[in-house]
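Undergrad: Sharing a structure, written as structure tokens. Questions coming.
The values are calculated or read from the model by the stated rules, or taken from the named source; none is laboratory data. On a predicted model such as this, the values are computed, not experimentally measured, just so you know. Positions of Cβ are generated from backbone atoms using ideal geometry, with glycine treated the same way; all protein chains shown enter the neighbour counts.
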Amino acid sequence: MASLRFPDPLCRFHRFPGIDSGTLCRQASPAPGPVERLSLWPDLYDPRFFPAALGLSDAITAADRAEFAVIGKMGALDRHGRPYHTVNSYLSDRTCYFGSPFAYAAFAAESDAELGRTRWIGKRGIRTLGSMLEFGKHIERQRIFYRWVRKAYKNKYGHDKNVPELIRRGMSDELAKKIAEVRGSIRVRRAHEQHFKTGGFNPRPVKLCGCYRLGTLSKHATGMAVDIDDTANAQFKAEDWQSIEEFVGRRVMRFGRWKSESDAEALWTDIREVNDLFMKRVASEVRRIERERNERKVEVATAQGAAMAADPSWVAPPLHAVLGERFQALSPWAHRGFFHLPLELVLELHFRGFVWGATFHDNVDLHHFELEE
Ligand SMILES: [Zn+2]
């Protein structure tokens with residue numbers, strides 16, 4: 001039997017070039033005014049105004065470099081999901097999003113002050129804005145994180161909006177009401193699944209495989225998305241999902257299959273089937289490798305085959321040998337499976353107007369359900 005290996009590297013992020021030039025700005029910027037007119041928005045491509053954004057290294061300050069070092073520890077990507085390979089690529093993206101270095105500095109100072117002073121006194125004591133944001137133990141990371149998140153909130157809801165108040169509001173009333181309806185539905189209660197765990201509100205950017213896509217705002221931040229039993233139901237990058245499909249020899253049509261209840265049921269059935277096939281294949285491949293190794297052990301012992309023993313696949317644990325470069329992404333799900341949501345629950349969420357993350361293009365988010373805004 002042919003060996004079923006995962007052929008592609010785990011993470012293809014590094015195929016993408018970093019944004020090393022300000023000319024790659026993908027965000028619509030205000031139109032530059034004529035040269036003779038004094039404009040609040042100078043030409044983005046004019047290096048007199050944005051020298052750092054154009055990669056002129058002597059314009060990069062020590063503070064920029066320090067900020068980039070912090071960014072490196074945060075697990076941050078640009079809004080398209082590409083890593084920042086260089087300080088220039090980060091600064092270009094930052095300039096696209098916040099405007100000139102001067103505009104950024106002003107926004108950063110305002111943002112840091114807001115983060116430092118915002119606290120609410122309630123019945124259960126004092127709650128700080130910082131306690132509601134990620135990176136609570138790393139103030140430097142949290143400050144930069146909050147600048148990006150705050151800007152994203154303002155872009156979405158208006159620049160005069162009070163962002164801490166938006167965050168304080170948490171899960172939207174609409175989402176809370178819908179989740180209560182799902183829990184109370186007869187078919188969900190009959191399936192004894194009303195005790196599912198929900199993770200809801202989090203003021204953060206969209207995540208891709210644990211990294212933050214700076215310059216985006218998650219539906220978890222707008223209070224319109226919920227994660228259901230996320231410890232038992234996976235989120236995969238599109239390429240990891242594709243490798244699973246290749247491994248089990250079954251391709252699932254995921255797009256546009258959420259219109260009717262029968263679409264939703266067919267999608268659930270297909271994903272469940274891929275999950276079951278995946279677990280079976282992994283188990284049978286692990287057994288095959290163990291069997292082959294036992295046979296080879298005898299050969300090596302008798303022929304003293306040093307070359308064979310030096311083969312890296314010889315020493316890798318069987319599961320590692322099966323999953324190859326995908327080990328990190330897939331091994332947590334290899335034995336227990338990556339999908340456990342009951343059909344009744346998924347159908348009820350469909351009925352209540354949620355969109356399922358299984359139908360997303362850039363990732364397959366099996367625990368994620370969101371409402372349209
Ligand atoms: Zn989610």
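Undergrad: Check off (1) within 13 Å of the ligand (Cβ to nearest atom); (2) under 25 Å from Lys73 (Cβ atoms); (3) modelled with pLDDT of 85 or more for Ala234 and give me the number that stays unchecked.
TA: For Ala234, the failing item is (2).
Undergrad: Return only the number of the condition from (1) under 29 Å from Asp93 (Cβ atoms); (2) surrounded by fewer than 17 Cβ atoms within 10 Å (Cβ to Cβ) that Arg189 does not satisfy.
TA: Result: Arg189 fails condition (1) only.
Undergrad: Now for a separate question. Which one of these is in contact with a helix residue (DSSP H, G or I) (Cβ under 7 Å, 6 or more places away or on another chain), in contact (Cβ under 8 Å) with a residue 40 or more places away in the chain and part of a helix (DSSP H, G or I): Glu134, Glu114?
TA: Exactly one of Glu134, Glu114 is in contact with a helix residue (DSSP H, G or I) (Cβ under 7 Å, 6 or more places away or on another chain), in contact (Cβ under 8 Å) with a residue 40 or more places away in the chain and part of a helix (DSSP H, G or I), namely Glu114.
Undergrad: Against the condition within 16 Å of the ligand (Cβ to nearest atom) and at pLDDT 95 or above, how does Gly357 come out, does it pass?
TA: Considered against the rule, which asks whether it is within 16 Å of the ligand (Cβ to nearest atom) and at pLDDT 95 or above, Gly357 comes out as yes.
Undergrad: Tell me the residue from Arg213, Arg204, Arg187 that is under 19 Å from Val364 (Cβ atoms) and assigned by TED's automatic domain parsing to the domain that holds Phe339, please.
TA: None of the others qualify; the one that does is Arg213.
Undergrad: Additional query: Confirm whether Phe338 is assigned by TED's automatic domain parsing to the domain that holds Glu245 and either at pLDDT 95 or above or β-branched (Val, Ile, Thr) (or both).
TA: yes
Undergrad: Residue by residue through region 188-220, note down the ones that are hydrophobic (A, V, I, L, M, F, W, C) and farther than 22 Å from Pro83 by Cα.
TA: Val188, Ala191, Phe196, Phe201
Each row is one residue, and each column tells you yes or no for (1) in contact (Cβ under 8 Å) with a residue 12 or more places away in the chain; (2) more than 21 Å from Leu341 (Cβ to Cβ).
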| residue | (1), (2) |
| --- | --- |
| Thr128 | no, yes |
| Ile139 | no, yes |
| Ala152 | yes, yes |
| Asn162 | no, yes |
| Leu166 | yes, yes |
| Asn202 | yes, no |
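Undergrad: Oh, and also: Which condition number in (1) in contact (Cβ under 8 Å) with a residue 24 or more places away in the chain; (2) surrounded by 20 or more Cβ atoms within 10 Å (Cβ to Cβ); (3) within 13 Å of the ligand (Cβ to nearest atom); (4) closer than 30 Å to Cys96 by Cα is the one that Gly215 fails?
TA: That leaves (3) as the condition not met.
Undergrad: Let me ask another. For region 214-242, which positions are in a strand (DSSP E or B) and either touching an Asp or Glu at 6+ places or on another chain (Cβ under 7 Å) or of a type in the set (A, V, I, L, M) (or both)?
TA: Matches in region 214-242: Ala225, Val226, Ile228, Gln235.
Undergrad: For the structure I just gave you, tell me whether Val188 is under 23 Å from Gly353 (Cα atoms) and away from the ligand (no atom under 16 Å from the Cβ).
TA: Answer is yes for this residue.
Residues are listed down the side, and each one gets a yes or a no for (1) buried (at least 18 other Cβ atoms within 10 Å of the Cβ); (2) of a type outside the set (D, E, K, R); (3) at pLDDT below 95:
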site	(1), (2), (3)
Ala109	no, yes, no
Arg117	no, no, no
Trp120	no, yes, yes
Gly125	no, yes, yes
Gly136	no, yes, yes
Gln142	yes, yes, no
Ala152	yes, yes, no
Lys161	no, no, yes
Arg168	no, no, yes
